[in-house]
Amino acid sequence: MKKEIYISTDVETNGPIPGIHSMLSLASVAFDEDGNEIGSFEINCEDLEGSQPNEKTMQWWQENIDAYNETRIDPVHPQIAMDRYYEWLIDLKSKGKILFVAYPVAFDFMWVFWYLNRFKGESPFGHNGIDIRSYAMAMYKKGYLQSGKEHYPAEWFDDLTLTHKAVDDARMQGHLFINMKKFNESSSPSH
């Protein structure tokens, strides 16, 4: 049976939607089924030709200028970024079933899926994604509003915090997911 590989991913952007706006930074941290970190990927992207930054998003970045400046270090053309990322994903895919993991998956997956399809013609993830908050809903047997990070025990966070640097955030949420998964598996009957 194929092993699952959880690829916790975070993107930083200059607007809410790909194409009109640009992905500034992309990072993924891969974990095996036992929760071991087995690889990471990080890259900054140049703006898409013809795209425009979103005014509201850029106001937010002004309040987080150090994190924004991190996204502008050595950016490469999106084609180069996706070539490298695709190669990294294909290598992982040869070792198991790759699953996109994010918080929230709807935002990060949309960007990565769009960029991969635009520059590589396909996404190695297919449509396989895990939303951490939705996973919490199932664990807690509660609604969406009662399943946010503010309701999680401190030990799930491994003393990692959100910095808005993509690789830091991808690693933090990856550890969060793995800790939730381990807790869930230890407290749930097997089937």
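Looking at the range 135-162 only, could you name the residues that are under 16 Å from Ala102 (Cβ atoms) and either of a type in the set (S, T, N, Q) or touching a strand residue (DSSP E or B) at 6+ places or on another chain (Cβ under 7 Å) (or both)?
Once the filter is applied, which keeps residues that are under 16 Å from Ala102 (Cβ atoms) and either of a type in the set (S, T, N, Q) or touching a strand residue (DSSP E or B) at 6+ places or on another chain (Cβ under 7 Å) (or both), the range 135-162 yields only Ser147.
In the range 149-163, which residue that is part of a loop (DSSP other than H, G, I, E, B) and acidic (Asp, Glu) is surrounded by the most Cβ atoms within 10 Å (Cβ to Cβ)?
Asp158
Taking the range 134-159 on its own, how many of its residues are under 19 Å from Phe107 (Cβ atoms) and in contact (Cβ under 8 Å) with a residue 24 or more places away in the chain?
Residues that pass the stated criteria total 4.
Could you go through the range 62-78 and let me know if any residue there is among the aliphatic types (A, V, I, L, M) and in contact (Cβ under 8 Å) with a residue 60 or more places away in the chain.
yes
Can you tell me which of (1) in contact (Cβ under 8 Å) with a residue 24 or more places away in the chain; (2) basic (Lys, Arg); (3) surrounded by fewer than 17 Cβ atoms within 10 Å (Cβ to Cβ) is the one Arg171 doesn't meet?
Tallying (1) in contact (Cβ under 8 Å) with a residue 24 or more places away in the chain; (2) basic (Lys, Arg); (3) surrounded by fewer than 17 Cβ atoms within 10 Å (Cβ to Cβ), Arg171 fails exactly one: (3).
If the requirement is being surrounded by fewer than 17 Cβ atoms within 10 Å (Cβ to Cβ), touching a Ser or Thr at 6+ places or on another chain (Cβ under 8 Å) and of a type outside the set (Asp, Glu), which of these qualifies: Asn117, Asn128?
That would be Asn117, the only listed residue that is surrounded by fewer than 17 Cβ atoms within 10 Å (Cβ to Cβ), touching a Ser or Thr at 6+ places or on another chain (Cβ under 8 Å) and of a type outside the set (Asp, Glu).
Which number in (1) more than 17 Å from the chain's Cα centre (by Cα); (2) farther than 13 Å from Met23 by Cβ marks the one condition that Leu89 misses?
Leu89 satisfies all of (1) more than 17 Å from the chain's Cα centre (by Cα); (2) farther than 13 Å from Met23 by Cβ except (1).
Pick out the one residue from Glu63, Glu33, Glu49 that is under 19 Å from the mean Cα position of the chain (by Cα) and charged (D, E, K, R).
Going through Glu63, Glu33, Glu49 in turn, the sole match is Glu33.
Any chance the range 94-104 includes a residue that's without any contact (Cβ under 8 Å) to a residue 60 or more places away in the chain and either β-branched (Val, Ile, Thr) or farther than 23 Å from Gly39 by Cα (or both)?
So far as the range 94-104 goes, no, none of its residues is without any contact (Cβ under 8 Å) to a residue 60 or more places away in the chain and either β-branched (Val, Ile, Thr) or farther than 23 Å from Gly39 by Cα (or both).
Would you confirm whether or not the range 138-148 contains a residue that is assigned to a helix (DSSP H, G or I), crowded, with 17+ Cβ neighbours inside 10 Å and either at pLDDT 95 or above or not small (Gly, Ala, Ser) (or both)?
There is no residue in the range 138-148 that is assigned to a helix (DSSP H, G or I), crowded, with 17+ Cβ neighbours inside 10 Å and either at pLDDT 95 or above or not small (Gly, Ala, Ser) (or both).
Could you please give the count of residues in the range 8-58 that are touching a helix residue (DSSP H, G or I) at 6+ places or on another chain (Cβ under 7 Å) and of a type in the set (Val, Ile, Thr)?
Looking only at that region, the number is 5.
The values are calculated or read from the model by the stated rules, or taken from the named source; none is laboratory data. This structure is a prediction, so every number in the text was calculated from the model and none was measured. Cβ atoms come from the backbone with ideal geometry, glycine included; neighbour counts cover every protein chain shown.
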